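Values quoted throughout were computed directly from the atomic coordinates according to the rules given, and no laboratory measurement underlies them. Please read all numbers here as calculations on a predicted model, not as lab measurements. Here the Cβ is made from the backbone with ideal geometry for all residues, glycine too, and neighbour counts use every protein chain on show.
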Amino acid sequence: MKNQRTPLFLLASLVLASATVSAQSNEQEERIGASFVLALGRAPSSGEIDHWAKLGTLPVADLIARHQQQLQGDVGVKRATVVKACADAFGREPTEPEIDAWSSGNWTYAELMKQHIQWLGEHPTEYQQAIERAYQLVMRRPAYPVEIDYWKAQPTLSYALLVGCIEDWARRNAPGLMATTGTPTVSLHSAYLTTFRLSPAIAAEARAAAGLVPAGDANLSSASGRNLVAAGAGNVATGGHIHFVAAGGARLRPTLPGN
């Protein structure tokens, strides 16, 4: 009996070991994906995931630190990140003076987004312009006055998240759309966002690494569906309560500077 059981025991051990390695690999892919979105405002390519996976099991904070080193040493990457953050925050491309000003530090995409969202909150006229741009893109119409009031009563959002929330509201309430109401919500499958799905544990790790920990009870926020990892997303729910990190996608199409 001992000889018969040994092969089965070895097979079970191999299966368990294989499952463990696979889980660790998936977790590291999530960490890499989160680091790219938070540091550069874009998802990694499959080749970049493979390359970064060879670094071993590194936490999100260490991965973001490596991106910061790249931002410090690569002018092209820094400029692309600055332009992306402006487009996602305001719905327009930056001017050259703005690029120069925002390139003075080695800020990640998430850090730039936090600064921009704070600025929008302090400048209601510019924030209203971002809201109007979002409605024109998604709904092909101006925002109704009641919708302007609705968004201004909420914590300030980036243009990218405004677009994602309006898109999700429109999908859930068509046909017979009235004015935007309810809990701001975005979908993992948004046509306007770049998203990367995360497990709850990696999402929490990514938030901590990027300084995006929501105010109040984190468990309560998660239970109420506020599982989005993005600057200014503390009050935004996710469809299906899915945890994911997000930045603006290619379809945001920012307008020309100053518009």
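Here are some notes:
- Sorted on the mean count of surrounding Cβ atoms within 10 Å across their residues, most packed first, peptides 104-115, 27-38, 135-146 read 27-38, 104-115, 135-146.
- Loop-located trypsin sites (Lys or Arg not before Pro) in segment 35-110, at most 10 other Cβ atoms within 10 Å (DSSP): LYS54
- Length-normalised contact order of segment 26-252 in % [C-alpha pairs under 8 Å, at least 6 apart]: 23 percent
- Amide proton proximity set for GLY249, modelled H, under 5 Å, gap of 5+: LEU193, THR194
- Karplus-derived 3J(HN,Hα), 6.51/-1.76/1.60, for each residue of segment 127-133, Hz, glycine and proline x: 5, 4, 5, 5, 4, 4, 4
- Pairwise label distance in nanometres, ASP62 with GLU122, each label 7 Å out on the Cα-Cβ vector: 3.7 nm
- For ARG42, residues with placed amide H under 5 Å, excluding near neighbours: VAL37
- Rounded to the nearest whole Hz, the Karplus-based 3J(HN,Hα) values (6.51 cos²θ - 1.76 cosθ + 1.60, θ = phi - 60°) of segment 77-90 follow the sequence 5, 4, 4, 4, 5, 4, 4, 5, 5, 5, 4, 6, 7, 10, with x at glycine and proline.
- Gyration tensor (alpha-carbon) shape descriptor, segment 26-252, a/c threshold 1.5: oblate
- 3J(HN,Hα) couplings calculated from phi for segment 226-231 with the Karplus curve 6.51 cos²θ - 1.76 cosθ + 1.60 (θ = phi - 60°) are, in sequence order, 8, 10, 7, 9, 6, 4 Hz; Gly and Pro show x.
- With both labels modelled 7 Å from their Cα along Cα-to-Cβ, the GLN154 to GLU27 distance reads 3.4 nm.
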